[in-house]
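Colleague: Quick one: the structure is below, and I'll ask about it shortly.
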Amino acid sequence: MATATAPNTDQTIVEFDVRTDEMLVNMGPQHPSTHGVLRLVLRTDGEVISEVTPHLGYLHRCAEKIGENVTPIQFIPYTDRMDYLAGMNMNLAYSLAVEKLCGMKIPEKAQVIRVLIAEMNRIASHLVGMGAYGLDLGTFSPFLYAFREREMILDLFEEVCGARLTYSYLTVGGAHDDLPEGWTQRCREFLHYLKLRIPEYHTLLTTNHIFVQRTANIGVLPKDTALSYGCTGPMLRGSLDRRNGDPDWDLRRIEPYCGYETYDFNVVAPPFDDRWGWRPPAGTVIGDAWHRFMVRILEVIESIRICEQALDRYPTAQGSHRVELPRHLPAGEAYVETECPRGQMGFYVVGGPGKSMVPLRVRARSSSFCNLSVTDAICRDCLIADVPAVVGSIDIVMGEIDR
């Protein structure tokens with residue numbers, strides 16, 4: 001709606017509609033703010049979005065079919081490449097499914113190593129998510145800060161397994177190797193260093209006026225919509241309200257694995273003022289892009305707590321770091337979901353009737369796939385310039401979706 005002053009009149013406003021033709025605008029599949037090879041088709045009326053259609057399949061790798069032609073140990077490297085920002089967490093999820101199928105008992109030391117390494121990778125993943133999100137919105141400094149800390153985590157991972165991106169370290173039966181001598185002390189030093197850096201991230205992003213203006217009341221996802229689309233992880237938790245009795249929707253708490261039930265940590269969900277001392281800036285609403293960002297940065301703090309507890313337990317943990325697989329997979333099926341950085345990642349494994357180590361069926365339930373499916377619902381009536389802010393707040397990895 002535009003306004004104009006009629007000629008030869010005083011204080012008379014003449015209103016008229018500015019009508020535009022509906023257009024289809026492509027964003028991607030190589031757009032820098034699509035976080036992967038993703039194509040978004042935007043139906044627009046001027047600058048206003050009326051529909052968003054995500055187009056997938058540009059990166060399809062046939063990972064599930066490959067899993068039905070190799071042994072579980074051989075498939076572990078493929079899980080790294082699904083969510084390549086959280087390879088350790090993906091290794092763990094598939095390993096747990098195979099172990100459940102085989103009825104394997106994992107030693108305490110291996111469980112402690114798994115929790116420690118998985119939470120370190122959660123921190124690294126959220127650092128990339130937060131830094132790249134700032135990049136989406138036009139600020140470069142948080143990206144450099146986040147990658148500075150992430151490189152330190154990758155240095156620690158390189159000491160453990162020799163790799164910096166695709167690890168194949170958490171494997172079926174436990175962990176591929178024990179932690180190197182002196183590694184736990186270096187890890188403690190890093191965690192102490194990281195805790196002192198958290199206020200810098202809050203200054204750069206959380207309370208930054210421009211960042212708040214770009215994320216407050218943008219891409220609002222109501223809880224009921226999140227549940228109907230199957231959203232999980234920070235995408236769902238950013239839409240919860242503990243004042244209304246919403247549960248701690250985190251598999252580490254409600255369906256614990258690897259002994260998470262014995263660790264002291266908070267599930268991050270709004271409001272943030274009672275547990276973490278953060279009052280949301282003016283204009284923000286529960287379920288918007290700012291709250292999803294805030295869930296991730298507070299989860300970094302909680303992961304630091306879990307890592308410190310795991311480091312305390314490691315010296316006295318019983319057993320070895322790994323046990324061997326049986327000679328063949330038993331007939332039957334098993335499904336396990338774990339809380340990966342982007343949500344609930346599930347693996348379904350079926351053992352055949354013959355004496356074979358190759359599964360009959362392998363399927364993966366992708367958290368990013370479900371989270372991305374809600375894009376149309378939360379982008380309607382926003383501006384084209386807000387689409388990167390909304391998509392970036394989902395924090396997707398296309399390798400997990402086009403698996």
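Colleague: Using the Karplus curve 6.51 cos²θ - 1.76 cosθ + 1.60 with θ = phi - 60°, work out ³J(HN,Hα) for each residue of the stretch 204-218 in order, rounded to whole Hz, and write x for Gly and Pro.
Modeller: Computed from phi, the couplings for the stretch 204-218 are 6, 10, 3, 9, 5, 4, 5, 4, 5, 4, 7, 10, 6, 6, 10 Hz.
Colleague: Which whole-Hz couplings ³J(HN,Hα) result when phi for each residue of the stretch 135-149 is put into the Karplus expression 6.51 cos²θ - 1.76 cosθ + 1.60, θ = phi - 60°, listed in order with x for Gly and Pro?
Modeller: Each residue of the stretch 135-149 in turn: 4, 4, 9, x, 10, 9, 4, x, 4, 5, 4, 5, 6, 4, 6 Hz.
Colleague: Loop-only check: which GluC sites (Glu not before Pro) in the stretch 248-356 are DSSP coil with at most 13 other Cβ within 10 angstrom?
Modeller: Numbers: sites: GLU261, GLU299, GLU302, GLU308, GLU324, GLU333, GLU337, GLU339; in loops: GLU324.
For GluC sites (Glu not before Pro) across the stretch 248-356 that sit outside H, G, I, E and B with at most 13 neighbouring Cβ atoms in 10 Å, the list reads GLU324.
Colleague: Within straight cross-link reach of LYS65, meaning Cα distance under 19 Å, which aspartates and glutamates are found once same-chain residues fewer than 8 apart are removed?
Modeller: ASP80, ASP83, GLU333, GLU400, ASP402
Colleague: Where a Cα-Cα gap under 22 Å defines reach, which lysines qualify for LYS105, not counting those fewer than 8 residues away within the same chain?
Modeller: LYS355
Colleague: Rounded to a whole number, what % of the accessible area of the chain do carbon and sulfur atoms account for, probe 1.4 Å? Please report the intermediate quantities before stating the final value.
Modeller: Details: 8780 of 16950 Å².
Its accessible area is 52 percent carbon and sulfur atoms.
Colleague: Return the sequence-ordered ³J(HN,Hα) values of the stretch 388-403 in whole Hz as given by the Karplus equation 6.51 cos²θ - 1.76 cosθ + 1.60 applied to θ = phi - 60°, using x for Gly and Pro.
Modeller: x, 5, 6, 5, x, 6, 6, 6, 8, 10, 5, x, 6, 7, 8, 8
Colleague: Estimate the FRET efficiency between HIS202 and PHE140 by the formula 1/(1 + (r/R0)^6), using the beta-carbon distance for r and 22 Å for R0, to the nearest 0.05.
Modeller: Values: r = 18 Å, r/R0 = 0.81.
After rounding to 0.05, the efficiency reads 0.80.
Colleague: Relative contact order (percent) for the chain, with alpha-carbon contacts under 8 angstrom and 6 or more residues of separation?
Modeller: Details: 774 pairs, mean separation 105.1, N = 403.
The value is 26 percent.
Colleague: Sticking with this structure for a sec: About the Cα centre of the stretch 290-361, how large is the charge dipole given +1 on each Lys and Arg Cβ and -1 on each Asp and Glu Cβ? Please answer in debye to the nearest 20.
Modeller: On the way: 9 positive and 8 negative charges, 54 e Å.
Dipole size: approximately 260 debye.
Colleague: Please work out how much accessible surface TYR58 shows to a 1.4 Å probe, ignoring ligands, DNA and RNA, in Å² rounded to 10.
Modeller: Accessible area of TYR58: about 110 Å².
Colleague: Further question: Rounded to the nearest whole Å², what accessible area per residue is found for the stretch 222-359 with the 1.4 Å probe? Walk me through the intermediate numbers first.
Modeller: Values: 5660 Å² over 138 residues.
It amounts to 41 Å² per residue over the stretch 222-359.
Colleague: Figure the gain on full extension for MET357 and TYR84 (residue separation times 0.36 nm, minus the Cα-Cα span) and round it to one decimal in nm. It would help to have the intermediate numbers written out before the result.
Modeller: Working: separation 273, 0.36 × 273 = 98.28 nm, distance 2.57 nm.
The MET357-TYR84 span can extend by a further 95.7 nm.
Colleague: In addition: Leaving out same-chain residues fewer than 8 places away, which lysines sit with a Cα under 22 Å from that of LYS109?
Modeller: Cross-link targets: LYS100.
Colleague: Just to verify a number: FRET efficiency for ARG243 and GLN213, C-beta to C-beta distance, R0 = 45 Å, to 0.05?
Modeller: Values: r = 26 Å, r/R0 = 0.57.
Calculated value: 0.95.
Colleague: I'd like the GluC sites (Glu not before Pro) in the stretch 39-84 restricted to DSSP loop residues with at most 12 other Cβ atoms within 10 Å, sorted by number. Working shown, then result.
Modeller: On the way: sites: GLU47, GLU51, GLU64, GLU68; in loops: GLU47, GLU68.
Those satisfying the criteria are GLU47.
Colleague: Next question, about the same structure. With each run of n ≥ 4 DSSP H residues scored as -39500 (n - 2.57), what mean residue ellipticity at 222 nm is computed for the chain after dividing by its residue count and rounding to the nearest 500 deg cm²/dmol?
Modeller: Working: 15 runs with 169 residues, N = 403.
Roughly -13000 deg cm²/dmol at 222 nm, from the helical runs in the chain.
Colleague: Give the label of the value calculated from the structure for Rg and Dmax of the Cα atoms in Å, choosing from (1) 30.5, 120; (2) 23.1, 94; (3) 20.8, 71.
Modeller: (2)
Colleague: Additional query: Gap in Å between the Cα centre of the stretch 26-103 and the Cα centre of the stretch 118-138?
Modeller: 17
Colleague: I would also like to ask the following. For GLU51 and ASP177 in the same chain, what is the full-extension length gain: residue separation times 0.36 nm, less their Cα-Cα distance, in nm? Write down the numbers at each step before the final one.
Modeller: On the way: separation 126, 0.36 × 126 = 45.36 nm, distance 4.93 nm.
Going from the current span to full extension adds 40.4 nm.
Colleague: Show me the chymotrypsin sites (Phe, Trp or Tyr not before Pro) within the stretch 244-318 that DSSP assigns to loop and that have at most 15 other Cβ atoms within 10 Å of their Cβ. Could you put the intermediate results ahead of the total?
Modeller: On the way: sites: TRP249, TYR257, TYR260, TYR263, PHE265, PHE272, TRP276, TRP278, TRP290, PHE293; in loops: TRP249, TYR257, TYR263, PHE265, PHE272, TRP276, TRP278.
Sparse-neighbourhood loop chymotrypsin sites (Phe, Trp or Tyr not before Pro): TRP276.
The values are calculated or read from the model by the stated rules, or taken from the named source; none is laboratory data. Keep in mind that this is a model prediction, so the values were computed, not measured. Heads up, the Cβs are rebuilt from the backbone with ideal geometry, glycines too, and the neighbour counts pull from every protein chain shown. Just the protein is used for accessible areas: all its heavy atoms, side chains included, with ligands, DNA and RNA removed. Shrake-Rupley method; radii C 1.70, N 1.55, O 1.52, S 1.80 Å.
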